[in-house]
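Have a look at the structure below before the remarks.
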Amino acid sequence: MEYVGRVPAPPLDRFIDDIYCLTGVPRHPRMNVPPMPSAHLFVNLGEPARLWDRDPSAPPAVLTDGWFMGVRTRRFLLEYPARVRLVGVHFKPWGLSPFVDMPATELRDRWVPVGAVWRRSSDRIRNRLGDSASATETLRVMEEELRSRLAEAPSRGLDLVQHAGGRLATSHGALPVGALTDAAGVSGTHLATQFKSHVGITPKRVARIYRFARLILSVDPLRPVDWSELAQTAGYFDQAHFSKEFKDFTGHTPTEYLDLRRRFPAERGFPPDSGPMPAD
């Protein structure tokens, strides 16, 4: 598959890490996707995709047109169609807030059809792109749609969350929440309330996901891996806690995960393979 992405122009770049186009035949049909510090929008331009939640009580979904996905605190399984054609958006953890008129907690660990949030948008995007639009044209159309949906004024508390979230991102989740509240001059309860409103989870849980992302992205499967050293660098100082969280987030022990990375190396220039791994 080919992954073509770009960072959108201001002011969208305050809320979005990249907009991307994914096309072609997947190397692996089913991917196990761990939590990462982002929310998502997918507009499917091809055949349906299927998703399963790690939580067995959550029903599987067959997604045809498009869907929003809030910040995830647990892994999920994605099954690609035989040939993929979709345009997606990686939002910063707080980035969905100015584009959707619903609490972030309603999108956390969920996938919601685009039509339930943006009426008729996926049909309009699909109609504009047809069957043969280039990746450049696809990204342009999505960026235009996002600009039209961006709220003119930030909702209450978003600036605070963006500033604190940016500091968590820069520190890879290593900055104590107390340091965030002291710098902002607010209470821990107030900061947690605003994070729940705009991200869907508390700053402590956001920090946890950033720490895990740093760990995963620092693994070099071509070299010997010292898991204790990597865990400490990422901010895990309790080995038992690290092992449990790693298994919760990936479904594998560190040794099993490393074996998978070595058996199925990431494709060059294909960011989604940095964290997700083949499920079978």
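The values are calculated or read from the model by the stated rules, or taken from the named source; none is laboratory data. Here the structure is a predicted model, which means the values were calculated and not measured. Note that each Cβ is placed from the backbone with ideal geometry, even for glycine, and that neighbours are counted across all protein chains shown. Quick note on the areas: whole protein, heavy atoms, side chains included, nothing else; ligands and nucleic acids left out. Shrake-Rupley method; radii C 1.70, N 1.55, O 1.52, S 1.80 Å.
For the stretch 41-56, which positions are more than 19 Å from PRO98 (Cα to Cα), open to solvent by less than 30 Å² (accessible area, probe 1.4 Å) and in a strand (DSSP E or B)?
ASN44, ALA49, LEU51, ASP53
Would you point out which residue out of HIS163, HIS172 is open to solvent by 40 Å² or more (accessible area, probe 1.4 Å), farther than 28 Å from VAL43 by Cα and touching a residue at least 40 places away in the same chain (Cβ under 8 Å)? Reasoning before the result, please.
On the way: HIS163 fails: touching a residue at least 40 places away in the same chain (Cβ under 8 Å).
Within the list HIS163, HIS172, the selection yields HIS172.
What residue, among those in the stretch 70-90 that are assigned to a strand (DSSP E or B) and surrounded by 23 or more Cβ atoms within 10 Å (Cβ to Cβ), is farthest from the chain's Cα centre (by Cα)?
As a first pass, look at the stretch 70-90 and keep what is assigned to a strand (DSSP E or B): 76-79, 84-90.
Applying the additional criterion that residues be surrounded by 23 or more Cβ atoms within 10 Å (Cβ to Cβ) yields 87, 89.
Values: VAL87: 14, VAL89: 9 Å.
Looking at the filtered set, the residue picked out is VAL87.
Go through the stretch 114-140 and give me each residue that's free of Cβ contacts under 8 Å to residues at least 40 places away in the same chain and of a type in the set (A, V, I, L, M, F, W, C).
Across the stretch 114-140, the qualifying residues are ALA116, TRP118, ALA133.
Please report, ordered by residue number, the helices (runs of 4 or more DSSP H) entirely within the stretch 135-226 with at least 1 residues that are of a type in the set (A, V, I, L, M) and within 17 Å of ASP17 (Cβ to Cβ).
Values: elements: 135-149, 158-170, 177-184, 188-198, 203-217.
Qualifying helices (runs of 4 or more DSSP H): 135-149, 158-170, 203-217.
From the list GLY24, GLY66, GLY5, which one is at pLDDT below 95 and more than 30 Å from VAL161 (Cβ to Cβ)? Steps first, answer last, please.
Numbers: GLY66 fails: more than 30 Å from VAL161 (Cβ to Cβ); GLY5 fails: more than 30 Å from VAL161 (Cβ to Cβ).
That would be GLY24, the only listed residue that is at pLDDT below 95 and more than 30 Å from VAL161 (Cβ to Cβ).
Do we have VAL219 as surrounded by 21 or more Cβ atoms within 10 Å (Cβ to Cβ) and either modelled with pLDDT of 95 or more or of a type in the set (A, V, I, L, M) (or both) here?
Working: surrounded by 21 or more Cβ atoms within 10 Å (Cβ to Cβ): no; either modelled with pLDDT of 95 or more or of a type in the set (A, V, I, L, M) (or both): yes.
The answer is no for VAL219.
When the stretch 91-108 is examined, which residues are found to be part of a loop (DSSP other than H, G, I, E, B), open to solvent by 40 Å² or more (accessible area, probe 1.4 Å) and of a type outside the set (D, E, K, R)? Give the derivation first.
Residues of the stretch 91-108 that are part of a loop (DSSP other than H, G, I, E, B), as a first pass: 92-103, 107-108.
When the remaining residues are screened for being open to solvent by 40 Å² or more (accessible area, probe 1.4 Å), the result is 92, 101-103, 108.
Of everything in the stretch 91-108, those that are part of a loop (DSSP other than H, G, I, E, B), open to solvent by 40 Å² or more (accessible area, probe 1.4 Å) and of a type outside the set (D, E, K, R) turn out to be MET102, PRO103.
Among the residues of the stretch 109-130, count how many are aromatic (Phe, Trp, Tyr) and either over 19 Å from SER38 (Cβ atoms) or part of a helix (DSSP H, G or I) (or both). Before the answer, list the steps.
Our first condition is that a residue be aromatic (Phe, Trp, Tyr); within the stretch 109-130, this holds for 111, 118.
With either over 19 Å from SER38 (Cβ atoms) or part of a helix (DSSP H, G or I) (or both) added as a condition, the list becomes none.
The qualifying residues number 0.
For a quick check of your reading: which strands (runs of 3 or more DSSP E) sit entirely within the stretch 1-40 and have at least 3 residues that are open to solvent by 40 Å² or more (accessible area, probe 1.4 Å) and either touching a residue at least 60 places away in the same chain (Cβ under 8 Å) or among the acidic types (Asp, Glu) (or both)?
On the way: elements: 2-6, 16-24, 30-33.
The qualifying strands (runs of 3 or more DSSP E) are 2-6.
Note down all Cβ pairs under 9 Å where the first residue falls in the stretch 243-266 and is within 18 Å of PRO29 (Cα to Cα) and open to solvent by 50 Å² or more (accessible area, probe 1.4 Å), the second is assigned to a helix (DSSP H, G or I) and among the small types (Gly, Ala, Ser), and they're at least six residues apart or on different chains.
Pairs found: ALA266/SER274.
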